[in-house]
Amino acid sequence: MFNKILIANRGEIAVRIIRACKEMGIASVAVYSEADREAMHTRLADQAVCIGPAPSNLSYLNIPAIMAAAEITDAEAIHPGYGFLAENAEFADIVQTSGYTWIGPSPESMRIMGDKVSAKNKMREAGVPLVPGSDGAVTDLEDAKRIAHKAGYPVIIKASAGGGGRGMKVVHSDPALASAISMCQSEAAAAFGNDMVFIEKFLEEPRHIEVQVLGDTHGNIVHLFERECSMQRKNQKVLEEAPSPFVDEKTRKAICDAGVAAAAAVNYVGAGTIEFLMNPDKSFYFIEMNTRIQVEHPVTEWISGVDLIEWQIRVANGEKLAFKQSDIKMKGHAIECRINAEHPFKFTPSPGTISLYHAPGGRSVRMDSAIYSGYSIPPFYDSMIGKVITHARDRQKCIRRMQRAIDELAIIGITTNQELHRRLLANAAFQSGDFNIHFLERWLKEMNA
Ligand code: MV4
């Protein structure tokens, strides 16, 4: 096993990875920006190296500084967490060619999945269901019209280099098609340096359901069931759960098998997520793959019993998965509430100093965060400051447990979205499981009206 791992990240995920290292007897190296001298990850790691000024571009995205930190500390492997450099194939390549182990999939898998057109081509070959639309990039307007007519309006134009909701346009009729395509192309060229775009039928009321997969370097891939991620606003997830209240056993088998087939098509190693959209009739379609650990991984850990960070590290070290698909049993229900330093209904950021922090506890409650009493949240990074996760035998009990955990949580001195969670957990549509990707934004609009 590795003697020492460098964690190229900050916040709760850096703390999560440092904790896993400690439990595995592996030394940890934190990297930190000048704004993070007093951060929890800087304090908890065995060693910490300053990699630059507060702005991410100069620190957490500064590849030469991170590689220098690995060299001076004799780290053997690098864990990227999520965000920052986690899905940067060039960084993964540099890590490997510099003689370090990359705790993640191959740069080749990352490149294929990072480009949405090449990802969809792979998925088509693998027999994974795709949203009806163009077979690849679209350049010609007459082709685009033919494709849009075949799929039926509305359609959505997406940038191949986009993802996570960036660079998309919905089109309702022929006259709007040409300008939407050229706008999407020029925006993509400016944002990603790649103007390739493709067309899909626009699914109007879908759920966002994703499948967790885990692969080793010996060709074994398992799934760890699905997560329901429809409770989002502006492509930012607010609450996630596993399993999805909408997915029955037959659909679960089909979507999870599709997730494994998707991962196998790119010889996937490590933890990954296949994102699907699911229609009200339970038909589902691949949209993209995230080649990293995700924020919401704890809900999967809780229903599957698998420590995902531990297994990312083990498979990066060449170990075989110690379990087969048939060994993994889904147990109970888990919910995660993301705690953000922001106004609960206006969503304006609220950095500042936490005068008092009290984490919820008791049976089957987990709090992943990197905050403490007296900690000042720097204004430079993401507003997510922690996650409350609960588990119970069934969804209703899990909701009740989350309600009492959110009530116990005390974060004084800054504004958080705790009150949003309190209202959401009490909402009848949420409680019945009857919601899709539009629910939260429509509900917030209603509340303000
Ligand atoms: C779609 C779609 C409807 N139809 N594709 C947004 C994020 C990116 N991963 C893909 N996204 C969407 N793709 C088709 N063909 C609707 C969305 C979408 C969405 C998807 C998942 C979660 C939240 C969303 C919010 C708005 C739009």
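Consider residue 328 carefully, then state whether it is more than 21 Å from residue 410 (Cβ to Cβ) and either buried (at least 17 other Cβ atoms within 10 Å of the Cβ) or basic (Lys, Arg) (or both).
Working: more than 21 Å from residue 410 (Cβ to Cβ): yes; either buried (at least 17 other Cβ atoms within 10 Å of the Cβ) or basic (Lys, Arg) (or both): yes.
Here the answer is yes, as residue 328 does meet what is asked.
Return the residue satisfying two criteria in turn: it lies in the range 164-175 and is within 16 Å of the ligand (Cβ to nearest atom) and more than 23 Å from the chain's Cα centre (by Cα), and of such residues it is nearest to residue 307 (Cα to Cα).
170
Tell me whether the range 263-277 contains one or more residues that are more than 22 Å from residue 110 (Cβ to Cβ) and either over 20 Å from the mean Cα position of the chain (by Cα) or in the same structural domain as residue 332 (by TED's automatic domain parsing) (or both).
The first filter runs over the range 263-277 and keeps only residues more than 22 Å from residue 110 (Cβ to Cβ), leaving 277.
Subsequent filtering for residues that are either over 20 Å from the mean Cα position of the chain (by Cα) or in the same structural domain as residue 332 (by TED's automatic domain parsing) (or both) retains 277.
Among the residues of the range 263-277, at least one is more than 22 Å from residue 110 (Cβ to Cβ) and either over 20 Å from the mean Cα position of the chain (by Cα) or in the same structural domain as residue 332 (by TED's automatic domain parsing) (or both), which makes the answer yes.
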Test result for residue 144, touching a Leu at 6+ places or on another chain (Cβ under 9 Å), surrounded by 13 or more Cβ atoms within 10 Å (Cβ to Cβ) and not assigned by TED's automatic domain parsing to the domain that holds residue 291:
yes
Do we find a residue being without any contact (Cβ under 8 Å) to a residue 40 or more places away in the chain and either in the same structural domain as residue 268 (by TED's automatic domain parsing) or over 24 Å from residue 385 (Cα atoms) (or both) anywhere in the range 20-37?
yes
What are the residue pairs meeting all of these: first residue in the range 75-91, first residue free of Cβ contacts under 8 Å to residues at least 40 places away in the same chain, second residue charged (D, E, K, R), Cβ atoms under 7 Å, and 6 or more apart or on different chains?
89/111
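Can residue 180 be described as part of a helix (DSSP H, G or I) and free of Cβ contacts under 8 Å to residues at least 40 places away in the same chain? Working first, answer last.
Details: part of a helix (DSSP H, G or I): yes; free of Cβ contacts under 8 Å to residues at least 40 places away in the same chain: yes.
Here the answer is yes, as residue 180 does meet what is asked.
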Residue list for the range 138-158, restricted to those being part of a helix (DSSP H, G or I) and within 13 Å of residue 185 (Cα to Cα):
141
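For residue 416, are the conditions met, namely being closer than 25 Å to residue 44 by Cβ and either in contact with a Cys (Cβ under 6 Å, 6 or more places away or on another chain) or within 16 Å of the ligand (Cβ to nearest atom) (or both)? Give the steps one after another, and end with the answer.
Details: closer than 25 Å to residue 44 by Cβ: yes; either in contact with a Cys (Cβ under 6 Å, 6 or more places away or on another chain) or within 16 Å of the ligand (Cβ to nearest atom) (or both): no.
So residue 416 does not fit the description; no.
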Within the range 326-334, does at least one residue satisfy the condition of being in a strand (DSSP E or B), at pLDDT 95 or above and not β-branched (Val, Ile, Thr)?
yes
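When you scan the range 188-214, how many residues do you find that are within 15 Å of the ligand (Cβ to nearest atom) and either part of a loop (DSSP other than H, G, I, E, B) or without any contact (Cβ under 8 Å) to a residue 60 or more places away in the chain (or both)? Show your work before the answer.
Applying the first criterion (within 15 Å of the ligand (Cβ to nearest atom)) to the range 188-214 yields 188, 191-192, 197-211.
This time we only want the ones that are either part of a loop (DSSP other than H, G, I, E, B) or without any contact (Cβ under 8 Å) to a residue 60 or more places away in the chain (or both), so: 188, 191-192, 202-206.
Number of matching residues: 8.
Within the range 216-223, identify whether any single residue is within 30 Å of residue 398 (Cβ to Cβ), assigned by TED's automatic domain parsing to the domain that holds residue 281 and within 16 Å of the ligand (Cβ to nearest atom), and answer yes or no. Please lay out each step first, then the result.
From the range 216-223, those within 30 Å of residue 398 (Cβ to Cβ) are 221-223; that's our starting set.
Then drop every residue that is not assigned by TED's automatic domain parsing to the domain that holds residue 281, which leaves 221-223.
Narrowing the set further to residues that are within 16 Å of the ligand (Cβ to nearest atom) leaves none.
Within the range 216-223, not a single residue is within 30 Å of residue 398 (Cβ to Cβ), assigned by TED's automatic domain parsing to the domain that holds residue 281 and within 16 Å of the ligand (Cβ to nearest atom).
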Go through the residues of the range 123-132 one by one and say whether even a single one is in contact with a Ser or Thr (Cβ under 6 Å, 6 or more places away or on another chain) and either buried (at least 22 other Cβ atoms within 10 Å of the Cβ) or on the phi < 0 side of the Ramachandran plot (or both).
no
Return the residue satisfying two criteria in turn: it lies in the range 402-422 and is among the charged types (D, E, K, R) and under 24 Å from the mean Cα position of the chain (by Cα), and of such residues it is nearest to residue 10 (Cα to Cα).
419
Can you name every residue in the range 257-284 that is surrounded by 23 or more Cβ atoms within 10 Å (Cβ to Cβ) and either more than 13 Å from the ligand (Cβ to nearest atom) or more than 14 Å from residue 215 (Cα to Cα) (or both)?
259, 262, 263, 266, 268, 269, 270, 271, 272, 276, 278, 284
Output for the range 335-372, where each listed residue is within 20 Å of residue 16 (Cα to Cα), part of a loop (DSSP other than H, G, I, E, B) and among the small types (Gly, Ala, Ser):
341, 359, 361, 362, 364, 370
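The values are calculated or read from the model by the stated rules, or taken from the named source; none is laboratory data. As the structure is a computational prediction, the values presented were derived from the model and not from experiment. Glycine gets a Cβ as well: all are built from the backbone with ideal geometry, and neighbour counts include every protein chain shown.
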